[in-house]
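To start, the structure itself, in structure tokens.
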Amino acid sequence: MKRYPGCTLHTLAPYVGRIRPSLARRLVHQHSRIGDWVWDPFCGSGTIPLEARLAGRNVLAGDINPYGCALTRAKLSAPSVLEPALEILSCAAAHLTSPTARPPVVAPPWVRRFYHHQTLGEAISLMRYFHARRDYFHIGCLLGILHHQRPGFLSFPASYFAPYLRSRMYPPSRYPEEYAYRDPIPRLIAKIKRALAVPPRRADSRYRVITKGVGCYNVCAGSIDAIITSPPYMDAIDYARDNRLRLWFLGIDDYRPIERQETRKISDFEEAMERALGTMSFALKPGGSCVLVVGDLRRDGRRYDVPAMIADIARRSARYLTLHDCAAISPPSQRRSYGGGATKRETIMVFKRANGGYRG
């Protein structure tokens, strides 16, 4: 079988917990048709929504993490050709030369530790420029180069997925060039070119991205043709803390309220899935598919059967959803969890919505 190369937008910015694009594409094509509304209520960085839009589906996506929603919007709004994106960046570069574009940098000390003061000021100004224009694609590109140890990134030497400085590995006295000013513009040009190396070619479709938990949606009964999603790994990834620097650039000064919404206890996970499955059952059209890609859980030397847990919750809380298929797939890559993390196996669960009335 020919390997699916994937759209280069999938690597727009780091995000641990991404489903494989090839799997997302397969599920979209198996369980929906062109013009359908596909809903991903745990969209993360937007892998499933992007594959759905590339396949000509309308997309509803959401997540509690503003960083994930920002990446999803960036991917769904990305241009299909390179030149307009570079022209917009040229206007942003000209904006940086204006005296009003560089107000005094206001940032907490922990943020300042990561950047040369001029780099930080220009990165903040660029983010404000793109945000004022609702330019989600360029926001996503800027988020993608905020921190790492490579020359193409803006920070002092730091880890890639989670923001930790590597000053012991790269002491300033031995590597002064690593702590010099880094111009954001040429780095953004390179990032945009990488992101659009295989540009999106999609049919006309609509999309909407909502920064909310699945139980907070105001969706109409029977309005969704297919639900394809991967619920967050329980207590395996710190989605808020590990993205705290990127969240700060998005205007989130304190990541902890988002962190408190993450599922840490088994009882919290069961309660969250009960709300989610009830809402998804209500929103799905009769005959539609609800596809969940779930990871297992190991804690205190014990393995919990998450698919069985979800199937039991569905029987109690989503009586119109019937489990049609449940198949284990290959272990997740490192991008799904740190070094394999607590998850060693994934399972695809396919529910079907039966005909019948809707509960209010």
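Placing +1 on the Cβ of every Lys and Arg and -1 on the Cβ of every Asp and Glu, with nothing else charged, gives the chain a dipole about its Cα centre of roughly 500 debye. For A197, the shell of other residues with beta-carbons less than 15 Å away shows a net charge of +4, using +1 for Lys and Arg and -1 for Asp and Glu. When the chain is treated as a Gaussian network with alpha carbon springs shorter than 10 Å, the biggest mean-square fluctuation among G222, G288, G68 belongs to G222. Averaging the sequence gap over all C-alpha pairs within less than 8 Å and six or more residues apart, then dividing by the number of residues, gives segment 82-195 a relative contact order of 27 percent. Each eigenvalue of the Cα gyration tensor of the chain, multiplied by 5 and square-rooted, gives one semi-axis; in descending order these are 37, 23, 18 Å. Between R150 and R241, full extension at 0.36 nm per residue minus the direct alpha carbon distance yields a gain of 30.5 nm. Along its first, second and third principal axes, ordered by size, segment 289-330 spans 35, 24, 10 Å in Cα coordinates.
Available extension along the chain between R26 and C91 is 19.5 nm, counting 0.36 nm per residue and deducting the alpha carbon span.
The residue list A197, C216, I145 was ranked by how far each Cα lies along the charge dipole of the chain toward its positive end, using unit charges on Cβ atoms, and A197 comes out on top. Here S98 and R201 are evaluated by their C-beta separation; at R0 = 22 Å the FRET efficiency comes out at 0.05.
The R168 and D312 beta-carbon pair, evaluated with R₀ = 41 Å, returns a calculated FRET efficiency of approximately 0.30. Which links in K191/K285; K212/K352; K193/K265; K191/K265; K191/K352; K75/K285 stretch past 31 Å when you go from one Cα to the other? Table pairs above 31 Å Cα-Cα are K191/K285; K193/K265; K191/K265; K191/K352.
Using the Cα coordinates of segment 1-97, the gyration tensor eigenvalues translate into equivalent-ellipsoid semi-axes of 26, 16, 13 Å, sorted from longest to shortest. Just subtract the alpha-carbon distance of R264 and D325 from 0.36 nm times their residue separation and send over the number in nm, one decimal. In short, 19.2 nm is gained. State whether segment 82-195 is rounded, prolate or oblate according to the following rule on the C-alpha gyration tensor (a ≥ b ≥ c being the square roots of its eigenvalues): a/c under 1.5 gives rounded; otherwise a/b larger than b/c gives prolate, and the remaining case gives oblate. Verdict is prolate for segment 82-195.
Computed from the coordinates by the stated procedures, all read-outs in this text should not be read as laboratory data. In this text, all values refer to a predicted model and were calculated from it rather than measured experimentally. All Cβ positions, even for glycine, are placed from backbone atoms using ideal geometry, and neighbour counts span all protein chains on display.
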